[in-house]
Structure formats: structure tokens, C-alpha cells
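Worksheet: one structure, shown below.
The values are calculated or read from the model by the stated rules, or taken from the named source; none is laboratory data. Here the structure is a predicted model, which means the values were calculated and not measured. Here the Cβ positions follow ideal geometry from the backbone for every residue, glycine too, while neighbour counts run over all protein chains shown.
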Amino acid sequence: MRAINKRNRETRLNKSPPLSTNPDGLLNLARLQLSPNRDSRPESATLDLVVIHGISLPAGKFGGAAISQLFLNQLDCSAKTNFAALNGLRVSAHLLIDRHGQLTQYVPFTERAWHAGQSSWQGRENCNDFALGIELEGSDEIAYTPAQYDRLVEVLALLITAYPGITARHITGHSMIAPGRKTDPGPAFNWPALRRRLAALGEYQAT
Ligand SMILES: [Zn+2]
């Protein structure tokens with residue numbers, strides 16, 4: 001028995017520490033690349049929504065630096081013809097989960113990121129005021145990776161614990177808060193699987 005416990009402990013020590021967030025709204029395991037595209041939430045706003053997005057730059061291509069460059073206002077919009085539409089765009093998200101499940105944080109959770117645009121959720125406009133934005137590196141029609149789902153569930157479980165207003169039912173997609181204007185994270189995103197995994201964590205709440 002003692003040997004088994006020791007082995008478990010050693011296994012844990014070889015893994016990265018558990019995901020956590022500090023009082024400044026920063027994740028311990030995320031690479032930090034602070035975006036200038038952020039500001040304060042309105043004082044009356046309560047953080048109670050997570051918006052899931054999908055993004056790839058160029059569209060359908062994964063693994064490059066263009067997403068971070070976009071959020072840092074460093075994207076050379078003349079580099080690719082399909083970047084021209086992004087010229088002058090000032091956008092960000094709180095987090096990016098890449099195809100390998102690696103995390104990059106651009107905006108502290110305590111601040112407002114600029115990810116939702118014109119949007120409405122349950123009759124409330126301007127979702128950026130009260131939401132966190134999580135980008136998954138991906139495309140509407142290409143399956144997201146198991147590593148991304150694993151990391152997303154880990155992040156959502158933490159956010160549900162850390163922020164009382166966020167529950168499993170307060171997690172939505174960009175296409176749902178900006179219908180007709182946005183399609184991400186797209187039909188490739190497996191909502192039933194996400195809901196099942198959150199429920200299995202015991203995080204599912206009826207509110
Ligand atoms: Zn989006």
C-alpha cells in the first residue's frame with residue numbers, strides 16, 4: 001500500500017502543477033502575452049459567461065504565430081492576401097488553446113477582452129462586458145483535438161470554481177451570441193461531449 005502511494009506521488013511530481021488562477025486573473029500554466037486590446041469592465045458588470053471561439057490564421061492553417069500577432073496588433077496584414085480584411089482590427093481574447101492544448105493568455109480575467117463584438121446573450125447586449133473569451137485554434141469544419149478538449153475542460157472547471165457567476169450553463173459559443181454574423185466555433189465543435197464532461201466533473205448546475 002505504501003509503495004503504491006509513493007508511486008502515485010512520484011507520478012504526480014513528474015506532471016505539471018494543477019491549473020490555477022491568481023488574484024490578478026492570470027493562469028499559472030499559460031504563456032503570458034499581454035494584448036493592448038483590453039480595458040476595464042463596466043463597474044456594474046458581473047462576470048458570468050464564457051464564450052468559446054474558433055480561430056485560425058490563415059484560415060484552416062494551424063501552428064503559426066499569426067493569431068498572437070493579431071491579438072498583439074503585430075500582424076503584417078500585407079503578408080497574405082486574406083489578412084487584408086484584418087487591417088486595423090483591434091481584437092483579443094483572454095485565452096488561446098492551441099492544437100496541442102497549450103495555453104496563451106492575452107488578457108487577465110479581471111479585465112475586458114475584445115472578442116465578442118456586437119452580441120447578445122439572454123437579452124443582455126455587449127457580451128464583452130460580462131464574458132471571458134476562449135479561442136480554440138481551429139476551423140468550423142475541422143475536428144478540434146482531444147488535447148484541446150482536455151485543456152478546455154480543465155480551464156472551465158477552474159473558472160466555474162473561481163467565479164461564482166460562471167456555471168456550466170453559462171458557457172456558450174460565438175455563433176450563439178452573434179447569430180448570422182459569426183459561425184465559430186462551428187459544427188466541428190462537440191458541444192454534447194463538452195456538456196457530458198462538465199457534468200461528469202460534478203460541475204453541472206441548474207442555473
Ligand atoms: Zn469568435
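Filter the range 137-149 down to residues that are farther than 14 Å from residue 55 by Cβ and buried (at least 17 other Cβ atoms within 10 Å of the Cβ), then give me how many there are.
Residues in the range 137-149 being farther than 14 Å from residue 55 by Cβ and buried (at least 17 other Cβ atoms within 10 Å of the Cβ): 2 in total.
Pick out the one residue from 118, 148 that is within 27 Å of residue 57 (Cα to Cα) and outside any loop (DSSP other than H, G, I, E, B).
Working: 118 fails: outside any loop (DSSP other than H, G, I, E, B).
After applying the criteria, what remains is 148.
So if I check each of 100, 94, which one is under 21 Å from residue 28 (Cβ atoms), free of Cβ contacts under 8 Å to residues at least 60 places away in the same chain and surrounded by fewer than 19 Cβ atoms within 10 Å (Cβ to Cβ)?
Details: 94 fails: surrounded by fewer than 19 Cβ atoms within 10 Å (Cβ to Cβ).
Being under 21 Å from residue 28 (Cβ atoms), free of Cβ contacts under 8 Å to residues at least 60 places away in the same chain and surrounded by fewer than 19 Cβ atoms within 10 Å (Cβ to Cβ) holds for just one of 100, 94, which is 100.
Might you let me know whether the range 59-76 holds any residue that is in contact with a helix residue (DSSP H, G or I) (Cβ under 6 Å, 6 or more places away or on another chain), surrounded by fewer than 18 Cβ atoms within 10 Å (Cβ to Cβ) and not aromatic (Phe, Trp, Tyr)?
no
Given the conditions (1) modelled with pLDDT of 95 or more; (2) over 30 Å from residue 146 (Cβ atoms); (3) out of contact with any helix residue (DSSP H, G or I) (no Cβ under 9 Å at 6 or more places or on another chain), report the number of the one that residue 120 does not fulfil.
For residue 120, the failing item is (3).
Residues 171, 160: which one is within 16 Å of the ligand (Cβ to nearest atom) and β-branched (Val, Ile, Thr)? Don't jump to the end; show me each part of the working.
Working: 160 fails: within 16 Å of the ligand (Cβ to nearest atom).
One residue alone meets the criteria, 171.
So, in the range 77-91, exactly how many residues are under 21 Å from residue 130 (Cβ atoms), surrounded by 13 or more Cβ atoms within 10 Å (Cβ to Cβ) and more than 13 Å from the ligand (Cβ to nearest atom)? Before the answer, list the steps.
Of the residues in the range 77-91, the ones under 21 Å from residue 130 (Cβ atoms) are 90-91.
Next, only the ones that are surrounded by 13 or more Cβ atoms within 10 Å (Cβ to Cβ) stay: 91.
Keeping just the survivors that are more than 13 Å from the ligand (Cβ to nearest atom) gives none.
Within the range 77-91, residues that are under 21 Å from residue 130 (Cβ atoms), surrounded by 13 or more Cβ atoms within 10 Å (Cβ to Cβ) and more than 13 Å from the ligand (Cβ to nearest atom) number 0.
Could you please find all residues in the range 169-189 being part of a loop (DSSP other than H, G, I, E, B) and either within 11 Å of residue 138 (Cα to Cα) or not small (Gly, Ala, Ser) (or both)? First the steps, then the outcome.
Filtering the range 169-189 down to residues part of a loop (DSSP other than H, G, I, E, B) leaves 178-189.
Those that are part of a loop (DSSP other than H, G, I, E, B) and either within 11 Å of residue 138 (Cα to Cα) or not small (Gly, Ala, Ser) (or both): 179, 181, 182, 183, 184, 185, 186, 187, 188, 189.
Answer yes if at least one residue in the range 119-129 is within 16 Å of the ligand (Cβ to nearest atom) and touching a Gly at 6+ places or on another chain (Cβ under 6 Å), and no otherwise.
Looking through the range 119-129, none of the residues is within 16 Å of the ligand (Cβ to nearest atom) and touching a Gly at 6+ places or on another chain (Cβ under 6 Å).
Looking only at residues that are within 13 Å of the chain's Cα centre (by Cα) and small (Gly, Ala, Ser) in the range 150-207, which one is surrounded by the most Cβ atoms within 10 Å (Cβ to Cβ)?
Across the range 150-207, the extreme among qualifying residues is 173.
Restricting the search to the range 46-58, which residues are away from the ligand (no atom under 13 Å from the Cβ) and more than 22 Å from residue 155 (Cα to Cα)?
First, pick out the residues of the range 46-58 that are away from the ligand (no atom under 13 Å from the Cβ): 46-49, 58.
Across the range 46-58, the qualifying residue is only 58.
Read through the list (1) of a type in the set (Val, Ile, Thr); (2) free of Cβ contacts under 8 Å to residues at least 60 places away in the same chain; (3) part of a loop (DSSP other than H, G, I, E, B), then give the number of the only condition that residue 166 fails.
Going through the list (1) of a type in the set (Val, Ile, Thr); (2) free of Cβ contacts under 8 Å to residues at least 60 places away in the same chain; (3) part of a loop (DSSP other than H, G, I, E, B), residue 166 breaks only (2).
Which of the residues that make up the range 21-45 are crowded, with 19+ Cβ neighbours inside 10 Å and within 17 Å of residue 159 (Cα to Cα)?
Answer for the range 21-45, where residues must be crowded, with 19+ Cβ neighbours inside 10 Å and within 17 Å of residue 159 (Cα to Cα): 21, 27, 30.
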